[in-house]
Amino acid sequence: MTLSHHVAVITSDEQALIVASDLAEDFRRDSAQRDRERRLPLPELDVFSRSGLWGISVPKEYGGAGVSNVTLAKVIALIAQADASLGQIPQNH
């Protein structure tokens, strides 16, 4: 099986915050409507998955970004402020 999705690789705290801020702006746009309609944010999860943000909590020596815990908390806060349901996912993984 071959995966065809391109996944970004985040390499710094600054880059993680920029990516999270950009995603938060996009996610915020339809979050209230998704919530009212009780729609799962599947397209948004796909975008989040390709953004490289899943790897920011992984230490550099294991192929992750190795960002600080402060940056990790800021990223989760940015995403959660935009869409609370999306913000719950990375804090648990």
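The values are calculated or read from the model by the stated rules, or taken from the named source; none is laboratory data. Only a predicted model underlies this, so the values are computations on that prediction, with no experimental measurement involved. FYI the Cβ positions are ideal-geometry reconstructions off the backbone, even for glycines, and counts take in every protein chain you see.
A few remarks follow.
- Long-range neighbours under 7 Å by Cβ, at least six apart or interchain, first residue farther than 19 Å from Glu44 by Cβ and acidic (Asp, Glu) within the stretch 1-22, second at pLDDT 90 or above and surrounded by 13 or more Cβ atoms within 10 Å (Cβ to Cβ): Asp13/Val67; Asp13/Thr71
- Matching entry among Val75, Val58 (being at pLDDT 95 or above and aliphatic (A, V, I, L, M)): Val75
- Residues considered: Ala82, Ala65. Of these, the only one that is at pLDDT 95 or above, surrounded by 19 or more Cβ atoms within 10 Å (Cβ to Cβ) and among the small types (Gly, Ala, Ser) is Ala82.
- Among the residues of the stretch 10-24, those identified as part of a helix (DSSP H, G or I) and not β-branched (Val, Ile, Thr) are Asp13, Glu14, Gln15, Ala16, Leu17, Ala20, Ser21, Asp22, Leu23, Ala24.
- Hits in the stretch 25-75 (condition: touching a helix residue (DSSP H, G or I) at 6+ places or on another chain (Cβ under 7 Å), small (Gly, Ala, Ser), closer than 16 Å to Ala8 by Cβ and part of a helix (DSSP H, G or I)): Ser51, Ser57
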